[in-house]
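Okay, structure first, notes after.
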Amino acid sequence: MTLMHDLIAAIGADAVSNDPAVLAVMSNDVYRGSGVPALIVRPTSVADLQAAARICCSAGVAMVPRGGGASYTDGYLFDAGGHVLFDTGALDSIEIDVDNAVVTVGAGATWAKLKDALAVHGLRTPFWGPFSGLAATVGGSVSQNTLSHGSGTYGISAQSVLSLDVVLASGDLLKTGASTATRFYGPDLTGLFTGDCGALGIKATIRLPLIAIRPRFEAVSFAFDSFAACHAGVSRAQREGLDDSHFGLDLALSQGQIARQDGVAAKLKIARDLFAKAPNAFVGVKQLIRMAVAGDAAMRAGEYMGHFIVEGVDATDTTARAARLRAVIAPHGREIANSVPSFVRALPFAPLTNILGPSGERWVPIHGVLQQDAVVPFHDALKAFYETRKAEMERLGIWSGTMFSPAGSSGFLYEVALYWPDDRTDYHRHTLTPDHVAGLKPYPENAEARAYTHQLKAEIIALYQQFGAAHFQIGRAYPYRDRLDPQARALLLGIKAALDPKGLMNPGALGL
Ligand SMILES: Cc1cc2nc3c(=O)[nH]c(=O)nc-3n(C[C@H](O)[C@H](O)[C@H](O)COP(=O)(O)OP(=O)(O)OC[C@H]3O[C@@H](n4cnc5c(N)ncnc54)[C@H](O)[C@@H]3O)c2cc1C
């Protein structure tokens, strides 16, 4: 095969694989499987990444970038197969420039690795990773827009990028930044590539700003009796921007996904981590006592729960922010034990056990970012929709949960998680430890439940669209191209044609 021969000649045999076992794993994302790649390349330098792209371009072969593989929107899946999958995992260099408050990261570095490297200097990036940061890469997150850690104050991944170096389909290297001091020097070319799901090129290097770690924190949790009350409290908190991160869960997820992690072994681990990381032993003890007294019931104290992590420079600062947060939310809910955010604070990047449901069911999240006044109406419409599908969902053993996160002050990310009984894929078997899988219920292949879940997913996305939702992680799962007005769509298509005239770069992502 000359493509393989040419790639090996250019970047070395160790960086090119056609091992069927590896191809099988890499042709699945967290949600499902797709076409099998012809080859996988794993370049160890930007020059090798460029060389591999050049070879694929002249061979007319589709190129599909993959970071940590922790997404579920078909972003690195290619139905037709026969493509070259670009695994960026070996591009994981980290160069920290303390004086200029800039870190230059290889696209394949994980958020967990970046966090550890920066912590030594008392520094962090403003947005500092998704919950999947043990596997998720900086390049993958910046390519599909990601939120969680740091999003309460600093927004999503794209808002923490200074500039990017992108390898285009031709193999040429495009640098988005003409200055290392600021991103904002004329039109925002960096922004063009954030959220592109790899359709415009493969990010090789990313520069992010650095800020000082705020050493003190307080975890605060609230329970709400209705979704409307929850939204009222959380949206007020969003406006204040007091927390570094917050997220919410409904009862189903509080009892399922998170509760599972709250077993004895996990509690002991939390205890150890809290003591190790608490600003002083007293705070650690206080948190442990709250968790112990509250017990598991605390996580089920209402229909909806909001969990906040507030950071400050010292105790006075942290206490003042937490007090203001409590005052803003109190009219809408009641404070409960802070076990869940304490857990998350202690283990911000947990092992990826949540890629399956609490009993080992399959899992797919579906989200929309809604304008604040559309949130409660959307929620009501979703509940009404579930009523119409209830009998089939029950018959097939499909159930759902809800999670939410802030997207600035104006956007509310409402995420549905669907669970269905079905066999695991090679992705699950590869990602989870045999010990973990042994503790889960086995499920036989269940094509009917899978197909019905897929249909529900499409219907829920259509419902989000009716309420004007935007989407992160567009991949091949959410509409984008056809949501743009004609002028904007023509511009996008022109940009794609200019950067990738043969249409070889992640074809189909963003609808391109
Ligand atoms: C347990 C779990 C928890 C999660 N928690 C969160 C969360 O808190 N917040 C959140 O937003 N998401 C979350 N996710 C979703 C997902 O993990 C993240 O969005 C993450 O950022 C994906 O990064 P990745 O490196 O795994 O990207 P991948 O899944 O490998 O790729 C994502 C997309 O980016 C493209 N891509 C990857 N690398 C590059 C590159 N170098 N250049 C160009 N394109 C590229 C791919 O083609 C694909 O379209 C979670 C997922 C799991 C399984």
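The values are calculated or read from the model by the stated rules, or taken from the named source; none is laboratory data. Everything numeric here is computed off the predicted structure, so don't read it as measured data. Note that we place each Cβ from the backbone using ideal geometry, even for glycine, and neighbour counts take in every protein chain shown.
Just one of 462, 451, 458 is of a type outside the set (Phe, Trp, Tyr), farther than 23 Å from residue 414 by Cβ and without any contact (Cβ under 8 Å) to a residue 60 or more places away in the chain; which is it?
Unique residue meeting the criteria: 451.
Answer yes or no as to whether residue 66 is surrounded by 24 or more Cβ atoms within 10 Å (Cβ to Cβ), charged (D, E, K, R) and within 17 Å of residue 476 (Cα to Cα).
Values: surrounded by 24 or more Cβ atoms within 10 Å (Cβ to Cβ): yes; charged (D, E, K, R): yes; within 17 Å of residue 476 (Cα to Cα): yes.
Judged against the criteria, residue 66 is a match.
Hey, can you tell me all the residues within the stretch 175-202 that are touching a strand residue (DSSP E or B) at 6+ places or on another chain (Cβ under 8 Å), surrounded by 20 or more Cβ atoms within 10 Å (Cβ to Cβ) and in contact (Cβ under 8 Å) with a residue 60 or more places away in the chain?
198, 199, 200, 201, 202
This table checks each residue for (1) of a type in the set (Ser, Thr, Tyr); (2) closer than 30 Å to residue 335 by Cα; (3) in contact with a Gly (Cβ under 6 Å, 6 or more places away or on another chain).
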{"residue": "185", "(1), (2), (3)": "yes, no, no"}
{"residue": "193", "(1), (2), (3)": "no, no, no"}
{"residue": "203", "(1), (2), (3)": "no, no, yes"}
{"residue": "211", "(1), (2), (3)": "no, no, no"}
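Quick check: is even one residue across the stretch 169-186 closer than 23 Å to residue 77 by Cβ and within 15 Å of the ligand (Cβ to nearest atom)?
Pass one, the stretch 169-186, residues closer than 23 Å to residue 77 by Cβ: 169.
If we keep only those that are within 15 Å of the ligand (Cβ to nearest atom) as well, we get 169.
Scanning the stretch 169-186 turns up at least one residue that is closer than 23 Å to residue 77 by Cβ and within 15 Å of the ligand (Cβ to nearest atom).
Please tell me if residue 153 is surrounded by fewer than 24 Cβ atoms within 10 Å (Cβ to Cβ), among the hydroxyl-bearing types (Ser, Thr, Tyr) and away from the ligand (no atom under 13 Å from the Cβ). Spell out the reasoning first.
Details: surrounded by fewer than 24 Cβ atoms within 10 Å (Cβ to Cβ): yes; among the hydroxyl-bearing types (Ser, Thr, Tyr): yes; away from the ligand (no atom under 13 Å from the Cβ): yes.
In short, yes.
Does residue 488 qualify as being within 22 Å of the chain's Cα centre (by Cα), exposed (fewer than 12 other Cβ atoms within 10 Å of the Cβ) and part of a helix (DSSP H, G or I)? Give the steps one after another, and end with the answer.
Values: within 22 Å of the chain's Cα centre (by Cα): no; exposed (fewer than 12 other Cβ atoms within 10 Å of the Cβ): yes; part of a helix (DSSP H, G or I): yes.
In short, no.
Starting from the stretch 80-98, take each residue that is more than 23 Å from residue 63 (Cα to Cα) and list its partners that are within 11 Å of the ligand (Cβ to nearest atom), counting only C-beta distances under 8 angstrom and pairs at least six apart or across chains.
Note: pairs meeting the criteria are 94/105; 94/106; 94/109; 95/105.
Taking the conditions exactly as written (away from the ligand (no atom under 16 Å from the Cβ) and either more than 16 Å from residue 167 (Cα to Cα) or of a type outside the set (S, T, N, Q) (or both)), does residue 488 satisfy them or not?
Working: away from the ligand (no atom under 16 Å from the Cβ): yes; either more than 16 Å from residue 167 (Cα to Cα) or of a type outside the set (S, T, N, Q) (or both): yes.
Yes: the conditions hold for residue 488.
If a residue must be part of a loop (DSSP other than H, G, I, E, B) and not β-branched (Val, Ile, Thr), how many such residues does the stretch 44-68 contain? Break it down stepwise before answering.
Applying the first criterion (part of a loop (DSSP other than H, G, I, E, B)) to the stretch 44-68 yields 44-45, 60-62, 67-68.
Now drop any that are not not β-branched (Val, Ile, Thr), which leaves 45, 60, 62, 67-68.
Number of matching residues: 5.
For residues that are assigned to a helix (DSSP H, G or I) and within 15 Å of the ligand (Cβ to nearest atom), scanning just the stretch 496-512, find the one that is surrounded by the fewest Cβ atoms within 10 Å (Cβ to Cβ). Explain how you work it out, then say what you get.
Initially, the stretch 496-512 is screened for residues assigned to a helix (DSSP H, G or I), giving 496-499, 509-511.
Next cut, within 15 Å of the ligand (Cβ to nearest atom) only: 496, 499, 509-511.
Values: 496: 19, 499: 20, 509: 27, 510: 21, 511: 16.
Among those that are assigned to a helix (DSSP H, G or I) and within 15 Å of the ligand (Cβ to nearest atom), it is 511.
One line per residue, one yes/no per condition, for (1) crowded, with 17+ Cβ neighbours inside 10 Å; (2) under 15 Å from the mean Cα position of the chain (by Cα); (3) closer than 21 Å to residue 84 by Cα:
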position: 139; (1), (2), (3): yes, yes, yes
position: 173; (1), (2), (3): yes, no, yes
position: 205; (1), (2), (3): yes, no, yes
position: 222; (1), (2), (3): yes, no, no
position: 233; (1), (2), (3): yes, no, no
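Does the stretch 396-409 contain any residue that is assigned to a helix (DSSP H, G or I), more than 19 Å from residue 240 (Cα to Cα) and either away from the ligand (no atom under 14 Å from the Cβ) or among the aromatic types (Phe, Trp, Tyr) (or both)?
Within the stretch 396-409, one or more residues are assigned to a helix (DSSP H, G or I), more than 19 Å from residue 240 (Cα to Cα) and either away from the ligand (no atom under 14 Å from the Cβ) or among the aromatic types (Phe, Trp, Tyr) (or both).
Could you tell me how many of the residues in the stretch 90-147 are assigned to a loop (DSSP other than H, G, I, E, B), away from the ligand (no atom under 12 Å from the Cβ) and among the β-branched types (Val, Ile, Thr)?
Of the residues in that region, 3 qualify.
Among 38, 52, which is among the hydrophobic types (A, V, I, L, M, F, W, C), surrounded by 22 or more Cβ atoms within 10 Å (Cβ to Cβ) and modelled with pLDDT of 95 or more? Talk me through it step by step, then tell me what you get.
Details: 38 fails: surrounded by 22 or more Cβ atoms within 10 Å (Cβ to Cβ).
The unique qualifying residue is 52.
Just wondering, is there one or more residues in the stretch 286-297 that are buried (at least 21 other Cβ atoms within 10 Å of the Cβ) and modelled with pLDDT of 90 or more?
In the first step, residues of the stretch 286-297 are kept if they are buried (at least 21 other Cβ atoms within 10 Å of the Cβ); the result is 287, 291.
Narrowing the set further to residues that are modelled with pLDDT of 90 or more leaves none.
No, because not a single residue in the stretch 286-297 is buried (at least 21 other Cβ atoms within 10 Å of the Cβ) and modelled with pLDDT of 90 or more.
Please specify each residue of the stretch 1-26 satisfying the condition of being of a type in the set (S, T, N, Q) and not in a strand (DSSP E or B).
2, 18
Quick one: in the stretch 187-207, of everything that is over 15 Å from residue 496 (Cα atoms) and part of a loop (DSSP other than H, G, I, E, B), which residue is nearest to the ligand (Cβ to nearest atom)?
So the residue we want is 188.
So that you can scan it fast, the table gives a plain yes or no per residue for (1) at pLDDT 95 or above; (2) outside any strand (DSSP E or B); (3) surrounded by 22 or more Cβ atoms within 10 Å (Cβ to Cβ):
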residue	(1), (2), (3)
350	no, yes, no
358	no, yes, no
373	yes, yes, no
386	yes, yes, no
414	yes, no, yes
